[in-house]
Structures are given as C-alpha cells and as structure tokens.
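Asks: One structure coming up, written as structure tokens, with questions to follow.
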Amino acid sequence: MGEYGDQNSPKEIMILLSKNIRTLRKQEKMSQKELSERSGVAYASVRKFELTGIISLESFLKICEVLNRLSDFESILLPNDMKRKKDLFDY
C-alpha cells in the first residue's frame with residue numbers, strides 16, 4: 001500500500017480527469033483546437049492537460065463548461081450535512 005492507501009494519488013486523479021476530458025471531447029467530435037477556441041483556454045494548455053493532467057482549476061472548469069459537465073462540480077466537497085440534505089431532494 002502506498003502513501004494514499006487504497007485511494008488514488010492526486011497525480012493519478014489528475015491523469016484520470018485528463019483522460020475523461022479527452023474522451024468527452026472526442027465523443028463531441030471536437031478537436032483540441034476547437035475546445036481551446038470555445039473555452040477560451042490556450043491551445044497549449046489544453047494539449048498539456050491531456051498529456052500530463054496539469055491545468056489551472058479555472059481553465060479546467062471552462063473546459064468542463066464547454067463539454068456540458070460544469071454541473072458535475074456543484075455537489076462535490078459539500079459539508080456532510082449539506083450533502084445529506086441535497087441527497088434527500090435529488091431523485
């Protein structure tokens with residue numbers, strides 16, 4: 001077992017997110033260049049992200065917005081009591 005036990009390390013999660021974004025981009029039949037233009041994120045940053053997983057949070061969220069996945073972030077990192085209340089009303 002590594003430093004993070006049975007959980008992925010931050011770097012592993014970064015790589016996983018970059019792979020997921022690449023897959024979503026390709027499902028939309030969008031090039032890296034088009035994603036860059038539509039999101040306002042520099043092409044070099046999009047390219048680097050897909051290769052390394054490294055990107056600023058703001059740029060990552062801009063990319064997610066173009067891919068219609070920004071709402072995925074509305075329920076992460078909620079305090080426990082807020083999450084329980086939200087789960088009660090989500091169907």
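The values are calculated or read from the model by the stated rules, or taken from the named source; none is laboratory data. Computed from a predicted model, the values in this text were never measured in an experiment. As a convention, Cβ positions derive from the backbone with ideal geometry for all residues, glycine included, and neighbour counts pool all protein chains shown.
Asks: Within region 54-91, take every residue that is polar (S, T, N, Q) and in a helix (DSSP H, G or I) and give me the one that is modelled with the highest pLDDT. Let's see the steps before the verdict.
Replies: As a first pass, look at region 54-91 and keep what is polar (S, T, N, Q): 56, 59, 68, 71, 75, 80.
Next, only the ones that are in a helix (DSSP H, G or I) stay: 59, 71, 80.
Details: Ser59: 98, Ser71: 93, Asn80: 77.
The qualifying residue modelled with the highest pLDDT is Ser59.
Asks: State whether the residues of region 34-53 include one that is buried (at least 16 other Cβ atoms within 10 Å of the Cβ), at pLDDT 85 or above and among the basic types (Lys, Arg). Reasoning before the result, please.
Replies: At the first step, the residues of region 34-53 found to be buried (at least 16 other Cβ atoms within 10 Å of the Cβ) are 35-36, 39, 41, 45-46, 49-50, 53.
Then keep just the ones that are at pLDDT 85 or above; that gives 35-36, 39, 41, 45-46, 49-50, 53.
Checking the rest, the ones that are also among the basic types (Lys, Arg) come to none.
No, the conditions are met nowhere in region 34-53.
Asks: Residues being closer than 10 Å to Lys62 by Cβ and either in contact with a strand residue (DSSP E or B) (Cβ under 6 Å, 6 or more places away or on another chain) or of a type in the set (A, V, I, L, M, F, W, C) (or both): count how many of those fall in region 28-45.
Replies: 2
Asks: Give the number of residues within region 1-53 that are of a type in the set (D, E, K, R), more than 12 Å from Leu67 (Cβ to Cβ), within 16 Å of the chain's Cα centre (by Cα) and not in a helix (DSSP H, G or I).
Replies: Selection size over region 1-53: 0.
Asks: For the structure I just gave you, tell me whether Ser18 is hydroxyl-bearing (Ser, Thr, Tyr), in contact with a Ser or Thr (Cβ under 6 Å, 6 or more places away or on another chain) and modelled with pLDDT of 95 or more.
Replies: no
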